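Visitor: A single structure is presented below for examination.
The values are calculated or read from the model by the stated rules, or taken from the named source; none is laboratory data. As the structure is a computational prediction, the values presented were derived from the model and not from experiment. Backbone-built Cβ (ideal geometry, glycine too); neighbour counts: all protein chains shown.
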Amino acid sequence: MGSTGPASAFRRPPAPGRPGSEADRPPPSLRRCWLRGLLCTGANLEVGLSLLAFLPQFVTPGEPPARTMAVPAAVHLSLAALWPAVLSGGVFLLRRRATARRPDADAGAARVVEALVGAVFIGFAVRLGVGG
């Protein structure tokens, strides 16, 4: 996405009725958006590794580690499930509102978001490259 984002901002989207056109696909449901966000968060190995690195410091000597770490882990994982719900719900509502006003606004908004995300990733790469 980092390399294709800025380039896709200047590319014309396919015309409606042609293969690959976003106008031909129905918008994803809120449930599908939430499940995709939950899957992305759950598939992130950094979540489990950070729990294994962060939570043991709260285990009191002599206490069973599984019970002591269960409550903070449950709080963290419930927040990790809530975050995609809030984010995907907000994006879903914004997309629905934008497409209700202008049906062709969805493709343009997606191109702008892709360009912004691509530019942010390129900025991160440049910053890492210069030693920042």
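Visitor: Kindly establish whether L128 is in contact with a Pro (Cβ under 6 Å, 6 or more places away or on another chain) and part of a helix (DSSP H, G or I). Write out each step before concluding.
Guide: Numbers: in contact with a Pro (Cβ under 6 Å, 6 or more places away or on another chain): no; part of a helix (DSSP H, G or I): yes.
So L128 fails the test.
Visitor: Can you pull out every residue in the range 114-131 that is under 16 Å from the mean Cα position of the chain (by Cα) and either surrounded by 14 or more Cβ atoms within 10 Å (Cβ to Cβ) or modelled with pLDDT of 90 or more (or both)?
Guide: Going residue by residue through the range 114-131, those that are under 16 Å from the mean Cα position of the chain (by Cα) are 114-118, 120-121.
Those that are under 16 Å from the mean Cα position of the chain (by Cα) and either surrounded by 14 or more Cβ atoms within 10 Å (Cβ to Cβ) or modelled with pLDDT of 90 or more (or both): E114, A115, V117, G118, F121.
Visitor: Of the residues R111, R127, only one is in contact (Cβ under 8 Å) with a residue 24 or more places away in the chain and among the basic types (K, R); which?
Guide: Details: R127 fails: in contact (Cβ under 8 Å) with a residue 24 or more places away in the chain.
Exactly one residue qualifies, and that residue is R111.
Visitor: Would you mind finding the one in S78, S50, S88, S29 that is in contact with a Lys or Arg (Cβ under 8 Å, 6 or more places away or on another chain) and of a type outside the set (D, E, K, R)? Walk me through how you get there before you give the answer.
Guide: Values: S78 fails: in contact with a Lys or Arg (Cβ under 8 Å, 6 or more places away or on another chain); S50 fails: in contact with a Lys or Arg (Cβ under 8 Å, 6 or more places away or on another chain); S29 fails: in contact with a Lys or Arg (Cβ under 8 Å, 6 or more places away or on another chain).
Going through S78, S50, S88, S29 in turn, just one is in contact with a Lys or Arg (Cβ under 8 Å, 6 or more places away or on another chain) and of a type outside the set (D, E, K, R): S88.
Visitor: Looking at P56, P28, P65, which one is surrounded by 11 or more Cβ atoms within 10 Å (Cβ to Cβ) and touching a Phe, Trp or Tyr at 6+ places or on another chain (Cβ under 9 Å)?
Guide: On the way: P56 fails: touching a Phe, Trp or Tyr at 6+ places or on another chain (Cβ under 9 Å); P65 fails: touching a Phe, Trp or Tyr at 6+ places or on another chain (Cβ under 9 Å).
Sole residue among the options that is surrounded by 11 or more Cβ atoms within 10 Å (Cβ to Cβ) and touching a Phe, Trp or Tyr at 6+ places or on another chain (Cβ under 9 Å): P28.
Visitor: Please go through (1) in a helix (DSSP H, G or I); (2) in contact (Cβ under 8 Å) with a residue 60 or more places away in the chain; (3) surrounded by 13 or more Cβ atoms within 10 Å (Cβ to Cβ) for P72 and return the number of the only condition it doesn't satisfy.
Guide: (2)
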